[in-house]
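Worksheet for the structure shown next.
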Amino acid sequence: MAQGIGTKLRLMVVDDEPDNLDLLYRTFRRDFEVLQAESAIAALQMLEEQGEMAIIISDQRMPEMLGTEFLSKTVDRYPDTIRIVLTGYTDVEDLVEAINTGKVFKYITKPWNPDQLKGVIQQAAETYKVLKQRTNELRRALRRESLFNTMTTAIRESLDYHSMLQTTADTLGRTFAASCCTLHPVTDDRLLPEAFIYQEGSQGVQETQDQETQDQALQSPLPHPTDDFLMQAVVQRQIQTAPLPSGEGFQLVVPLTYQQEALAVLSLYRRAIDQPWSPEDIELIQGVAEQAALALSQAKLYQRTQEQAEQMRAELAVARQIQGNLLRQSLPDLDGMKVQACCFPAREVGGDFFEVYAHPQGDIWLAVGDVSGKGVPAALFMASAISVLRRELSQESPPEPHLVMQNLNRSLSEDLVSTNCFITMVLARYSPSTCQLVYANAGHIYPLVWSSRNVAAQLAAGEASAVEPLYLKVRGVPLGILPNWKAASGNVALNPGEVMLLTSDGITEATVATAGGNVGTPQTVTAMLQQSGLWQMLMQEHAPLDLSHLLSRIRSHNTIQEDDQTILSLEVL
């Protein structure tokens, strides 16, 4: 039994002379609880029965065992006990080793001076109290650290928010020797219907009010607190303790709060046959509860973030499908012409778009556009641009391409300017009857035109370096930059065997690997494709032109797509 700091300290006196025992008893009986032993063997047996003593005074010269030998036998089991030896002058040499090894606090020679003996004993008592206080503080600190480590490890092993709640109930229930432990989640100072229960000798169970196991738990011999008692702890943000009705045991209710927000409330129970929780236990429970509340707050925030992210992913998946439906799902089958188009947004939705419109009068309208930025804002402007463009092209006699651009700018510029966005775009009209291509460019990449027959002939003749496409360089500013868009239309003939290609900057700004040409450089280097690199890849394509294959080659160089990629071609057969 350990000594209580606030009660009388226990003093054991060991001497084979009854007169000395009686004298020592009468000297210290008022200040100490004095126990007497007439031999070292009797003293050891008394220690076995009574437990730790604050101070032991032992005679050195005893028949069965020397005092130093007896005291040394008490060191391992009772390290905090203060040990004092009574000895004659001739025994001083025998005490040197015991004193040096810390087994004896002090020695007093016979015959002793009563005042000197009292002073030594008083000093020993003060030393014991300080030593015991520091030992208890260290023990509490070690226990607290051990509990925190146990709680941290258990929480880290939890897979999600709900498993963390069950882990918290299990860990606290086992650690603090509870017969039953119940954890109720709290939201907006309201108890949620689910509960996470630990019962002594069984696995933790998550229960809700609509489960059959909940009814069984409520009918079990272990008591459950009333909602009022739980809410009292939640509202007051303080630990509540109370004996159970009819003396069935003890209950302890602990709110788990973080930054004044109640996250859960913990109920701990002990049966009547067990001891109630000590103030030290309650202080430790409070500390562990604060740690658990912080972890629960982070887990709850993470769960909420995951749920929001999942909801956003679902919504963006629907938005991607809607945006994909805005683009032409099938391209028109045109006599004497072949149209191909591919569009891949960098995110779930993007700002790139294309349009292929066969007018009833016979003209073919082609467009590729790119809204600045990415994601949802760009996708909204992309939808608006396609809507306005189709309205313009569906007229009985559509305006010239540059006038269509002006109308687009007039309809969209106010919204574009207010959000610091703009649209680059190429719009072309091809008239099969005249083989004329009329186009307008609002700050977009130059369209490419080339003759597939001439390119094939020059490549066959080994004149690849002389093969260059025609860049259509008539261009104005992007839409949304100026209130009034002004630029002329360009005009070029597009004859049989020739191809026009439109791309977005996600194609020309893609990073590709190329062979290093200089000594000392790596065998392959990465660089932006640009239009010149795109032309080199086009020349490597086998006839007939397949945009899907071309785009696959470009995309194979990048594990992460950094920008929307759109490409469209018109080939006159």
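Tabulated data for the structure shown
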{"item": "Difference of contour (0.36 nm per residue) and Cα-Cα distance, GLN236 to MET46", "result": "63.4 nm"}
{"item": "Folded to 0 to 90 degrees: helix 227-236 orientation relative to the chain principal axis, Cα", "result": "80 degrees"}
{"item": "In region 111-198, chymotrypsin sites (Phe, Trp or Tyr not before Pro) in a DSSP loop with at most 12 other beta-carbon atoms within 10 Å", "result": "none"}
{"item": "Between helix 114-156 and the chain: long-axis angle, C-alpha atoms, 0 to 90°, nearest 10", "result": "30 degrees"}
{"item": "Surface per residue (accessible, 1.4 Å probe) for the chain, Å²", "result": "51 Å²"}
{"item": "Share of carbon and sulfur in the accessible heavy-atom surface of the chain [1.4 Å probe, %]", "result": "50 percent"}
{"item": "Computed FRET value (nearest 0.05) for ASP188 with ALA309, which takes r as the C-beta separation and R₀ as 35 Å", "result": "0.90"}
{"item": "Inter-probe distance in nm under a simple model that places probes 7 Å from Cα toward Cβ, at ALA543 and ASP115", "result": "12.7 nm"}
{"item": "Average projection area in nm² (convex hull over Cα atoms of the chain, one quarter of hull surface)", "result": "48.7 nm²"}
{"item": "R0 of 35 Å, Cβ-Cβ distance GLU400-LEU331: FRET efficiency to nearest 0.05", "result": "0.90"}
{"item": "Estimated Rh, region 448-573: Kirkwood, alpha-carbon pairs, angstrom", "result": "16.7 Å"}
{"item": "Within the chain, helix-based [θ] at 222 nm, where runs of 4 or more DSSP H residues each add -39,500 (n - 2.57), nearest 500", "result": "-13000 deg cm²/dmol"}
{"item": "Cubic angstrom per residue, convex hull over Cα atoms of region 393-471", "result": "117 Å³"}
{"item": "Whole-number Å³ per residue for the convex hull built on Cα positions in region 319-455", "result": "119 Å³"}
{"item": "Cα centre as origin, Lys/Arg/Asp/Glu Cβ charges: region 280-408 dipole, Debye", "result": "360 debye"}
{"item": "Two-site label geometry, GLU126 and ARG553: point separation in nm, points 7 Å out along Cα→Cβ", "result": "9.4 nm"}
{"item": "Too-long pairs where the Cα-Cα distance tops 21 Å, listed order kept, from LYS374/LYS473; LYS73/LYS106; LYS110/LYS132; LYS103/LYS132; LYS8/LYS132", "result": "LYS374/LYS473; LYS110/LYS132"}
{"item": "The chain: relative contact order in percent, alpha carbon pairs under 8 Å with at least 6 residues between", "result": "8 percent"}
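The values are calculated or read from the model by the stated rules, or taken from the named source; none is laboratory data. Just so we're clear, the structure is a prediction, and the values are computed from it rather than from any experiment. Positions of Cβ are generated from backbone atoms using ideal geometry, with glycine treated the same way; all protein chains shown enter the neighbour counts. For accessibility, only protein heavy atoms count, side chains too; no ligands or nucleic acids. Shrake-Rupley method; radii C 1.70, N 1.55, O 1.52, S 1.80 Å.
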